[in-house]
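Contents: one structure, followed by commentary.
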Amino acid sequence: MKLHYAPTSPFVRKVMVLLHETGKLDQVELLQVHTTPITPSAEVRASNPLAKIPALERGDGPALYDSRVICAYLNERFGSGLYAGGWDSRVLEATADGIMEAAVLMTYERRLRNEAQQSEDWFEAQKGKVLGACAALNARWISHLQGSLDMGQIAVACALAYVDFRHPNLGWRIGNEALEDWFTTFDSRESMQATRPPES
Ligand SMILES: N[C@@H](CCC(=O)N[C@@H](CS)C(=O)NCC(=O)O)C(=O)O
């Protein structure tokens, strides 16, 4: 299998953490790419018409894309049990993906649009989604986060790590001490250490 990949993407990181946790890293060749909404990669687009990463070429069928689809596929292929929490695992992963989406859009707003184009209202609205989701995780999800490893936990850790990476002053920890404690512990896992994004 071949994974269209960038080390700074939180969506890609979910797949990478899954591969580390399941010990299957050697089954995937990494194809490093650069793609943005403004400068889409033709190479990625050949596998994913949306030109987004991650995209997985699997050899025995059409390429897969969207991190949730890829993670569910790899989980099934490896028999890893990372969705054993059923709908809870799924909705937790969706919540984390929503944090990533909002935080990535905030990054694009600052990096890809000039100052005159940028909207503070829009930026603040995305920030509100991140903070609202973190408050919900802290209020309702700690016992699930502390349970057996699943894809929901992996996704939440990748989402919070991305917020720290690109938006270190966002303040998601304020009022969310249980979530902060959980993240500190999870972030020390080998799979998280091995997938830390480079400074860029
Ligand atoms: N829902 C997608 C989102 C993937 C995504 O937005 N990836 C970003 C990199 S972090 C990307 O490829 N952006 C390029 C673009 O939006 O055109 C997933 O879960 O895989």
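Read the figures in this text as sums done on the coordinates, not as results from a lab. Bear in mind the structure is a predicted one, so any value in this text is a computation, not a measurement. Every residue, glycine among them, receives a Cβ derived from its backbone with ideal geometry; neighbour counts consider all protein chains shown.
One Cα centroid belongs to segment 55-95, the other to segment 143-175; the line between them spans 19 Å. Starting from the Kirkwood radius over alpha-carbon pairs of segment 2-78, derive D by Stokes-Einstein at 10 °C in a medium of 1.306 mPa s and give it in µm² s⁻¹. Translational diffusion coefficient: 129 µm²/s.
Among the helices of the chain, those built from whole DSSP H runs whose Cα atoms reach 20 Å or more along their own axis and whose mean Kyte-Doolittle hydropathy is at least 0.5 are 151-166. Sorted largest first, the principal axis extents computed over the alpha-carbon atoms of the chain equal 45, 44, 28 Å.
Pairs on different chains or at least eight residues apart, Cα atoms closer than 17 Å: how many lysine pairs in the chain fit? Taking the chain as the scope, the lysine pair count is 5.
Relative protection proxy for 125-131, 34-40, from highest mean packing down: 125-131, 34-40 (other beta-carbon atoms within 10 angstrom). Over all pairs of different C-alpha atoms, segment 87-194 has a mean inverse distance whose reciprocal, the Kirkwood radius, equals 14.2 Å. Take each peptide in 25-33, 10-18, count the other Cβ atoms within 10 Å of every residue, and average; sorted highest first, the result is 10-18, 25-33.
The packing ranking, built from the mean of other Cβ atoms within 10 Å per residue, places the peptides 70-76, 106-112, 95-101 in the order 95-101, 70-76, 106-112, highest first.
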